[in-house]
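Visitor: Could you have a look at this structure, given as structure tokens, before my questions?
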Amino acid sequence: MSVRARAVGAGVGAVLFGGVILAQGAGPAVAAAGAKSPEKFTIEDPRITESSGLAASRAHKNIYWTHNDSDDGPYVYAVDGRTGKTVATVTLRGIDPRDVEAVSVGPDGDVYVGDIGDNLDGTWPEVWIYRFPEPEKLRDTTVTPTRYTVRYEGGPRNAESLMVHPKTGRVYIASKSSKGKGGLYAGPRKLTASGVNTFRRIAGVDFEATDGAFSPDGTRLVLRAYFSATAYRWKSGGDGGIERLGSVPVPLQRQGESVTFAPDGRTVLFGSEGRASEVEPVELSGSALPSSAREGGGGGGDGSAGSDGSDDKGGRGAGEGEDGHSNLLLAGATFAGAVVVWAALRRGVRRGRG
């Protein structure tokens, strides 16, 4: 994440939280407390000041993996979503991270950590992914991860989003571009630790993606930006492309950096950087809802998904219908608020210079 992004995010977040509050009724409500739906929580650990990635554990209920951005160390934290407290710290032996931006859990139960950031917008010739099994017991431990070298077809890219498909185990990265020229890149079907893993572009991403996550059944992909998120239908294992469904409502946060699906498949959780940052759940609706969850089969069930997790059925986009109309209202209001804040900050800077 760039210094410019931190400054703008901090300024916008401070003003928004200070007085610009949008009605939560304009779109699917933040998930209510329930037996299956996660609740909002605050990351209490004072060491976690730049939570840049988020992934729901497969092995431990209500546990979420996270990590700091750069300038921390080779640490991954297990946070209890019921209390916000860190219940385990995993130290990656032999790793000197450069810019860790993402974390994801694969179908094999392994944790994948993406050291994929490049604040110089495509200067580093290669980046890395670290992989280790989820610990059976939650306690502080040190592990020796498998390290994968990553390069992109077409040259270096800046990226903050790494997703492991929950059916195939294939790894994907979404690059980040302020010019609307980002892309979704697919890694080899099986990563190798003995050579270079070349990631190839399979789709475009026209916004600054800060994180992404697959639904538990693999039929949906959600990519988020600082103040917005977009849902996609996963088609033919990604080889058939992705279908943009529309916007997903995002809670107002200091600096939106992370997203993960809850195990129920109906809820996504959005995280932010900053000390004592909040993780907030949002219930999905309409076509953004994964196939298995929509059919009542549970978020991790097979539902109508193919063996590769694809969902080639057409349907109304997430930006259509009553839910879509509310989503658009919320997105429009959020954008308008951000513009007002940006203009105010700009005027303040000019006056300060004068």
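The values are calculated or read from the model by the stated rules, or taken from the named source; none is laboratory data. Bear in mind that the values here come from a model prediction, so they are computed numbers and not experimental data. All Cβ positions, glycine included, derive from the backbone under ideal geometry; neighbour counts span all protein chains shown.
Visitor: Would a scan of segment 235-246 turn up a residue that is buried (at least 24 other Cβ atoms within 10 Å of the Cβ), more than 22 Å from Thr42 (Cα to Cα), at pLDDT 95 or above and aliphatic (A, V, I, L, M)?
Guide: Yes, the conditions are met somewhere in segment 235-246.
Visitor: Quick check: anything in segment 68-88 surrounded by fewer than 22 Cβ atoms within 10 Å (Cβ to Cβ), at pLDDT below 95 and basic (Lys, Arg)?
Guide: The answer is no; no qualifying residue exists.
Visitor: Which numbered condition in (1) in contact with a Leu (Cβ under 8 Å, 6 or more places away or on another chain); (2) closer than 15 Å to Leu54 by Cβ; (3) surrounded by fewer than 23 Cβ atoms within 10 Å (Cβ to Cβ) is the only one that Ile202 fails?
Guide: Tallying (1) in contact with a Leu (Cβ under 8 Å, 6 or more places away or on another chain); (2) closer than 15 Å to Leu54 by Cβ; (3) surrounded by fewer than 23 Cβ atoms within 10 Å (Cβ to Cβ), Ile202 fails exactly one: (2).
Visitor: Considering Leu162, Leu138, which residue is touching a residue at least 60 places away in the same chain (Cβ under 8 Å), of a type in the set (A, V, I, L, M), over 13 Å from Gly114 (Cβ atoms) and out of contact with any Phe, Trp or Tyr (no Cβ under 6 Å at 6 or more places or on another chain)? Before you say what the answer is, go through the steps one by one.
Guide: On the way: Leu162 fails: over 13 Å from Gly114 (Cβ atoms).
Of Leu162, Leu138, the one residue that is touching a residue at least 60 places away in the same chain (Cβ under 8 Å), of a type in the set (A, V, I, L, M), over 13 Å from Gly114 (Cβ atoms) and out of contact with any Phe, Trp or Tyr (no Cβ under 6 Å at 6 or more places or on another chain) is Leu138.
Visitor: Could you grab me the full set of residues in segment 119-152 that are outside any strand (DSSP E or B) and either more than 24 Å from Ala78 (Cα to Cα) or of a type in the set (A, V, I, L, M, F, W, C) (or both)?
Guide: Asn119, Leu120, Asp121, Gly122, Thr123, Trp124, Pro125, Glu126, Leu138
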